[in-house]
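S.K.: Pasting in a structure now, in structure tokens, and then I'll have a few things to ask.
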Amino acid sequence: MTPTFDVPNAEEIFAPYKALSDLALANAEKLVSLQSKNFLKYSNVVIANLKEAAQCTDMDQSREFFEKQADLSKQVAEDFSADMKEVAEIGQAYAVEVQKLFSENAEKVTAAVQQSAEPAKKPRARTAPKKAA
């Protein structure tokens with residue numbers, strides 16, 4: 001016999017899955033936002049650098065431009081490192097929240113499923129009364 005579920009308990013049973021989906025969506029939004037911000041930031045750096053290179057008209061300007069590249073590279077590397085740290089923090093916070101969610105809801109789900117499932121009833125085998133010998 002397939003267990004049936006009481007409709008009012010279905011919401012309680014699936015609440016952890018909804019919470020997990022909400023958490024995953026919030027995490028994805030944070031990552032997409034960070035990625036969008038970084039795309040714009042690094043695109044602006046590249047475009048500004050190309051514009052500056054295009055402005056070079058003699059050897060002195062070219063030398064200044066190339067001397068600035070070391071500082072620019074260092075700044076981009078520092079920014080990139082900070083961005084990766086932020087990504088790691090978002091991932092770590094997500095993992096902690098997922099673990100917390102699973103811990104909080106494991107017992108609730110088990111209890112809800114047990115309450116919702118109809119117990120399988122087996123008919124008792126009847127024994128014939130014993131005959132006197």
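Taken together, the values in this text are just the output of simple stated rules run on the coordinates, not laboratory data. Predicted model, so just to flag it, every value in this text is computed and none were measured. Methodologically, a virtual Cβ is constructed for each residue, glycine included, from the backbone with ideal geometry; neighbour enumeration extends over all protein chains shown.
S.K.: How large is ³J(HN,Hα), in whole Hz, for each residue of region 69-79 in order, when computed from phi with the Karplus curve 6.51 cos²θ - 1.76 cosθ + 1.60 and θ = phi - 60°, using x for Gly and Pro?
M.R.: Coupling constants for region 69-79: 4, 5, 5, 4, 4, 4, 5, 5, 5, 5, 4 Hz.
S.K.: Turning to a different aspect of this structure: Along each of its three principal axes, how wide is the spread of alpha-carbon positions in region 12-56, in whole angstrom units, largest first?
M.R.: The principal-axis extents, from largest down, are 67, 6, 5 Å.
S.K.: What FRET efficiency, computed as 1/(1 + (r/R0)^6) with R0 = 22 Å and r the Cβ-Cβ distance, is obtained for VAL32 and ALA82, rounded to the nearest 0.05? Before the final figure, lay out the partial values.
M.R.: Numbers: r = 18 Å, r/R0 = 0.83.
Between VAL32 and ALA82 the formula returns 0.75.
S.K.: For the pair ASP60/PHE102, report the inter-label distance in nm, with labels modelled 7 Å from Cα in the Cβ direction.
M.R.: With each label placed 7 Å out from Cα toward Cβ, I get 6.6 nm.
S.K.: While we're looking at this one, here's another question. Under a crude label model (7 Å from the Cα following the beta-carbon direction), how far is PHE39 from ALA93 in nanometres?
M.R.: It works out to 2.2 nm between the two label points.
S.K.: At 7 Å along Cα-to-Cβ for each site, give me the label-to-label distance between ALA48 and TYR17 in nm.
M.R.: Roughly 4.9 nm, to one decimal.
S.K.: Given a cut-off of 30 Å, name the pairs among LYS37/LYS74; LYS74/LYS100; LYS41/LYS68 whose C-alpha atoms lie farther apart than that in the structure shown.
M.R.: Details: LYS37/LYS74 20 Å; LYS74/LYS100 39 Å; LYS41/LYS68 18 Å.
Where the Cα-Cα span goes over 30 Å, the pairs concerned are LYS74/LYS100.
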